[in-house]
1. If you check every pair at least six apart or on different chains, which have Cβ atoms under 8 Å apart with a residue in region B:16-34 that is of a type in the set (K, R) first and a residue that is part of a helix (DSSP H, G or I) second?
2. Give me a count of the residues in region A:23-41 that are surrounded by 15 or more Cβ atoms within 10 Å (Cβ to Cβ) and without any contact (Cβ under 8 Å) to a residue 60 or more places away in the chain.
3. Please determine, by comparing only the residues of region A:53-65 that are surrounded by fewer than 17 Cβ atoms within 10 Å (Cβ to Cβ) and small (G, A, S), which one is nearest to A:W295 (Cα to Cα).
4. Within region B:53-94, track down each residue that is among the polar types (S, T, N, Q), over 30 Å from B:G139 (Cβ atoms) and in a helix (DSSP H, G or I).
5. So is A:L350 within 18 Å of A:M280 (Cβ to Cβ), at pLDDT below 85 and surrounded by fewer than 24 Cβ atoms within 10 Å (Cβ to Cβ) or not?
6. Can you give me the number of residues within region B:172-221 that are over 26 Å from B:A79 (Cα atoms) and in a helix (DSSP H, G or I)?
7. Which of the residues spanning region C:74-110 are assigned to a loop (DSSP other than H, G, I, E, B) and in contact with a helix residue (DSSP H, G or I) (Cβ under 8 Å, 6 or more places away or on another chain)?
8. So for region C:111-132 (the condition being surrounded by fewer than 23 Cβ atoms within 10 Å (Cβ to Cβ), of a type in the set (G, A, S), more than 13 Å from every other protein chain (Cβ to nearest Cβ) and over 18 Å from C:E198 (Cβ atoms)), does at least one residue qualify?
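The values are calculated or read from the model by the stated rules, or taken from the named source; none is laboratory data. Note that this is a predicted model, so its numbers are computed, not measured. Positions of Cβ are backbone-derived with ideal geometry, glycine not excepted, and every protein chain shown enters the neighbour counts.
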Amino acid sequence: MLVESPPKRSAESASAPATPKRHALRALGLLVSCGVLLLICVASIAVGAKSIPLSDVWDGLFHSTGSGNDVIIRDVRVPRTLLGLVVGAALGVAGAVMQALTRNPLAEPGLLGVSAGASAAVVSAVSFLGVTSLTGYVWFAFLGAAVVSAAVYVLGGSRGATPVRLALAGTAATAALYGYINAVQLLDAAALDRLRFWTVGSLASADMGTITKVLPFIAAGLVLSMLLARPLNAMEMGDDTARSLGAHLTRTRVLSMLAITLLCGAATAACGPIVFVGLMIPHVVRAVTGPDMRWILPYAAVLAPVLLLGADVVGRVVTRPSELQVGIVTALIGGPVFIQLVRRKRMAQL
Amino acid sequence: MKAVKAIRTPGGLSVRLDARAASVVTLLAVAAAAVAVVLIGSGDFPMSFGDVTATLLGNGTAAQEFIVQDVRLPRVLVAILVGASLALSGAIFQSLSRNPLGSPDVIGFSQGSTVGALTVIVLFSGSSLAVAGGAVAGGLVTGVAVYTLAFKRGVQGFRLVLVGIGVAAMLTAVIHFLITKANLVDATRATLWMTGSLDGRDWAQVWPLAGMCAVLMPVVFAHGRPLRMLEMGDDAAYALGVPVERTRIVLMGSGVLFIAVATAAAGPIAFVALSAPQLARRLTRSPGPNLAPAAVMGAALLLVADWTATNAFGDRMLPVGVVTAVLGGGYLLWLLVTERKAGRI
Amino acid sequence: MTAGTDTDRVKDMRTGAGATAAHLTENSRSTTTMQRLTAESVTLGYDQRVIAEDLSVEIPDNSFTVIVGPNACGKSTLLRALSRMLKPTKGRVLLDGEAIHSLPAKKVARTLGLLPQSSIAPDGITVADLVARGRYPHQGLLRQWSPEDERIVEESMAATRVGELADRYVDELSGGQRQRVWIAMALAQQTPLLLLDEPTTYLDIQHQLEVLDLCAELHESQGRTLVAVLHDLNQAARYATHLVALRDGRIVAEGAPSEVVTAELVEQVFGVKSQIIEDPESGTPLVIPASRRGVGAKVS
């Protein structure tokens, strides 16, 4: 287990309601984060293969004249930004819930194979069942995500489970699933061409249709997660403590897994697997809010899209005129963060 | 005291002998040789078991000589050497990380070789020799990077594994980037290479592999005893007089070289490194890295997988990597379930 | 043998040995006879954090030395330095007059053994196999398992009473049995010096006593020099022949327990008021902490 100065942690999460002053500070922080998110959204609309001046962004959004820039804004940049918002929030919150549920600071849907599970299911659907529409394969994504997240939970809850072992099991499972995806693609050249862009997380093919299709699922997942904040707070202190505090363990676990499945499945179906967003954001957030899930979740929902859209903007700029898929950018940013996390924390032996 | 037996000479020399392990090695070697002969005999120009052995012993017809010496024997030798190298690399890393899943194809070293090879394929459309060079270079750079990043007052097993996982995730992103950047021809070539295949392997692949094995295998086997001590934790090993960090560097270096050269020869063949040491261990039932049984097991596994890939699906010849991926994935599932029950994962 | 005579025998032995050790320490200081294991003004720490500075200690030969002190006083760090697990940033640790870090690892391992706080039993290893691994420093590529190895492993298992467990798997054993197996492994190393890092942690009182009795026996009957880190001051006072009390990385007192353990020392080292009485079993000092209820009330 990771040692995270336990006395402080338990003191904060177990203490009575925080002082009004601290509440106000956290609320203010959340407001500032929303402001940052707004700025990133504007940047995401303005920056790209073709830069659009800020005045045109304003006009394109509110006084559309049908000019070239307006078309780009309406048909490309706005859907892409909205998709980033939705998927980012989904991944950040899913990561936070997963870390709380498994009490494992390295838990992350991408790293533990949940996204790969969704991908494998989608690839099978596309290749074997000829499913081509998003509405069709979002259900397969849910199926894949549900199976893997249940497996992760079973593994994570086993006797002697440590963060290291869980991360290893997840990575091995991810490798196996990618092996399977590769094999399917190899046997089906048409599928390879269709899927090779999708198996990397990307926001590039976003349209309003995609967003309206996944939005209900993600919204449901977000609401469910917020409702779970209190029981998850109790769960973080161990099963016995949670039970003695009156939390329903089984109900909380099942609902948490449902939330993770909804969030990851929908996010993966919409834009392919994206790693490390769900890992990084909860850690950043905890540094600001402390270990209270009631604050972590809203912060994660706001800051994760900041990271995802930021990564997307960076990906559009660095290799202009072509672009780097956002999944690649988040992995390249997230990898070093993960390694730093590993180096900094004290961990028990394997 | 039945656990430890030894062969002793009057001069005071003694060599430990685990009878069960020795018989496992012998049986697996015999099985591997038999499969190799079958594999040489099968194909568009089928040959009987007797013909193959006769030809191998130099008593075949000219046509048989040609088929065996120039076409099928090198492929089988590549399979044997690659299988053994992957398995040894897996045994080393699983032992160093003290985890059955801590194998080089999980913690980033295969991915490093793949990135090296794909860079050559996609960015330079290089020859197969250049691709092999890229794979070795990629593997070695990754090895050095993982070791350096994991170093903090020595490299501990768990940190090695986690840093490897982080690096693997980044490298996987790079792999995806390279594939999406490629045109369809290069993308197909890249995907095929990434699956791992023994098709068209000849003496040009055999010699570097054989050379590496000739140099590294003695080094690794000589470090088998200190590696066993390392499994008890750094402190215990150090207290017993094992130069911990030096042993780890030598073994890690050898493990990285094994997997890099094997990957360069046949692509990143999945899960042999993960499963061969575990299967060998279950047969010998003895603790420790089980280096020799693992190596023979790896060779046998890859030969069987290659036979399955080329013969089991009718006219359709699959790359061997597909078979190992499916078999290995199934084995991984089983491993996760049983190891979980035993509380080791 | 009756309980009474047994206790008397132990009592005699303890006080006798304690006096000898104290005498030895005096002796070494005045005549500068070198003890086998010494630390010469070492500075110890991890990364930037310094735990002990300019610390010197001599382990009296043939003693059962116990290092005591409050949490985070540097006692395990000192033991790690003495056993060359930790390299001092300044100063040096000497084994038989030579800097321990410049000696070959195997050579040191034939003189000095360590029972680390956390060791990992490889999966599926039997007791006999694990104990046999203690012979590593005496073996080579062509001398892997001599008749002598076999004899010593058997003796070590007999001494720690794990002989009948020889073919059992280590994972199946109880905590106390497992600790005895690890001690057997350290014994099989056949070193005149043996260092033990908190050998009684996580054991219940019966197993704690079992392990400590075993240590005392090794010290008395085989004449080995033992150095242990212990948490329990009373156990330390009962079993040690030489006591080293640490606080904040400095040695506050050292010597025979009967001379060193005083109410002032306990307060100075642990910050606990107490009275010292004679242990009715062993005649060694017994620390009775003062009731803190009154003190607590004053503080709040």
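1. B:R20/B:T284
2. Total satisfying the criteria: 0.
3. Top of the filtered list is A:S55.
4. Hits for region B:53-94 are B:T53, B:T55, B:Q64, B:Q69.
5. no
6. Adding up the residues that qualify gives 10.
7. Residues satisfying the conditions are C:S83, C:R84, C:M85, C:L86, C:K87, C:P88, C:D96.
8. For region C:111-132, residues surrounded by fewer than 23 Cβ atoms within 10 Å (Cβ to Cβ), of a type in the set (G, A, S), more than 13 Å from every other protein chain (Cβ to nearest Cβ) and over 18 Å from C:E198 (Cβ atoms): absent.
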